[in-house]
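Worksheet: one structure, shown below.
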Amino acid sequence: MIGIDLGGTKLSAALFSPEGDVLMRTTAPLGKRSGPEVGALIVETARSLFEEAESAAIDSIGVAVPGIYHSGRGTVWAPNIAGWNDYPLLAELSDAFGHRARVEVASDRAAYILGEEWLGAARGCRNAIFIAVGTGIGAGLLVDGRVVQGEGDVAGAIGWLALQRPCRDVYESCGCFEYHASGPGLVRVAREMLESAEYSSVLRSRDPETLTAEDVFAALDKGDELASAVIDDAIALWGMAAANMVSLLDPEIIVFGGGVFGPAARFLDRIHDEARRWAQPISMHQVRFAVSELGGDAG
């Protein structure tokens, strides 16, 4: 099998055995590519892996995309890739490889939970959630053994969860949860706190415009008061969001992944404790919280 994970800045791909062993992998930066250039890169990458497989028969090709895959028409909306408002990716891949292998496309969040269910922290589960926290926030939802897609293929856009009052105009572009608790969200909260004199912080010596989530975690490790307040706020929101997922879907497991988990994996017990304050108690008693076992390979 060939698995391809398209991100906002790079393309990752691998050749897999039927058991899921990685036989070969490759990555390529997207650079300034847009529109059909990104599609051509995906096709070229798959073609090179076909050649590397030599005599081995490739059964299928799967591509995970960073946005919405419209399954009814085989097109992709990817906000971080210029020209991918309704890109006909399935047709392009089927034209190139449909005579040689089965071709599938899925949203990255669907791929994340399926990866973890196959070979990761959610092995064997039929009801599982993958919460991806990185540049954005999304969730892969596995319910009764099937990925939930929704009427518009947008199910799992949990960055839009309403977790604060009042509703602010700044939530319009990405949603309340993502605004506060994604990687860039940690930076936004830190900048807002830096505008007050309430907290002492080593971050005050930095240009607020160049701050990163990594800087916030580095300051936290030094015992920084402001960074601690930022992360405390995020832990509360991650726990509340998980509680809402537990109460709504009654999963066996919630898996946290993405670039922020990572450095936030150490807070899993605190996130669980926060979720327990809010969630339906019977569901909360039987659910497990875990960090992704596959990391960046999940998709």
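The values are calculated or read from the model by the stated rules, or taken from the named source; none is laboratory data. Please read all numbers here as calculations on a predicted model, not as lab measurements. Don't worry about glycine lacking a Cβ; one is built from the backbone with ideal geometry, like all the others, and counts go over all protein chains shown. What goes into the accessible areas is simple: the full protein's heavy atoms, side chains included, and nothing from ligands, DNA or RNA. Shrake-Rupley method; radii C 1.70, N 1.55, O 1.52, S 1.80 Å.
Brief remarks on what is shown
- Pairwise Cα distances in segment 75-230 exceed 22 Å for 57 percent of all pairs.
- With the Kirkwood sum run over all distinct C-alpha pairs, segment 6-146 has a hydrodynamic radius of 15.9 Å.
- Among the trypsin sites (Lys or Arg not before Pro) within segment 192-273, those in coil by DSSP and having at most 14 neighbouring Cβ atoms inside 10 Å are Lys222.
- The rule of thumb for compact globular proteins, 2.2 N^0.38 Å, goes into the C-alpha radius of gyration of segment 169-299 1.11 times.
- Probe 1.4 Å, protein heavy atoms only - accessible area per residue of segment 54-146 in square angstrom: 44 Å²
- The alpha carbons of segment 179-229 occupy a box of 23, 22, 18 Å along the principal axes, longest dimension given first.
- Among the trypsin sites (Lys or Arg not before Pro) in segment 131-199, those located in a DSSP loop and surrounded by at most 11 other Cβ atoms within 10 Å of their own Cβ are Arg168.
- Screening the chain for whole DSSP H helices with an alpha carbon extent of at least 20 angstrom along the helix axis and a mean Kyte-Doolittle hydropathy of at least -1.0 yields 36-53, 225-249.
- Computed E for Asn80/Arg146 - FRET, C-beta separation, R0 25 angstrom, nearest 0.05: 0.35
- Treating each Cα of segment 87-142 as one equal point scatterer and applying the Debye formula with no solvent, the log10 of I(q)/I(0) at q = 0.12, 0.25 Å⁻¹ comes out as -0.39, -0.89.
- Per residue convex hull volume, Cα atoms of segment 134-217, in Å³: 134 Å³
- Around the amide H of Leu30, modelled in the peptide plane, lie the amide H atoms of Lys10, Leu11, all under 5 Å away and 5 or more residues distant in sequence or on another chain.
- Listed residues Leu89, Leu248, Leu226, most fluctuating in the chain (Gaussian network, C-alpha, under 10 Å): Leu248
- Between amide H atoms placed 1.01 Å from N, distances below 5 Å from Asp5 occur with Ser12, Ala13, Ala64, all of them 5 or more places distant or on a separate chain.
- A viscosity of 0.890 mPa s and a temperature of 25 °C, combined with the Kirkwood radius over Cα pairs in Stokes-Einstein, give a translational diffusion coefficient for segment 49-119 of 186 µm²/s.
- Annotation: per residue accessible area for segment 192-287 equals 50 Å², rounded to a whole number [probe 1.4 Å, protein chains only].
- Mean ellipticity per residue at 222 nm, deg cm²/dmol - from DSSP H runs of n ≥ 4 across the chain, formula -39500 (n - 2.57): -11000 deg cm²/dmol
- Counted over the chain with a bin width of 5 Å, the fraction of Cα pairs per bin, in whole percents, is 1, 5, 11, 15, 17, 16, 13, 10, 7, 4, 1, 0, 0, 0.
- Computed over segment 1-58, the P(r) curve from all C-alpha pair distances, binned at 10 Å from the origin, holds 23, 52, 22, 3 percent per bin.
- Separation between Cα centres of segment 119-174 and segment 235-273, rounded to whole Å: 11 Å
- Percent accessible area from carbon and sulfur atoms, segment 67-215, protein chains only, probe 1.4 Å: 49 percent
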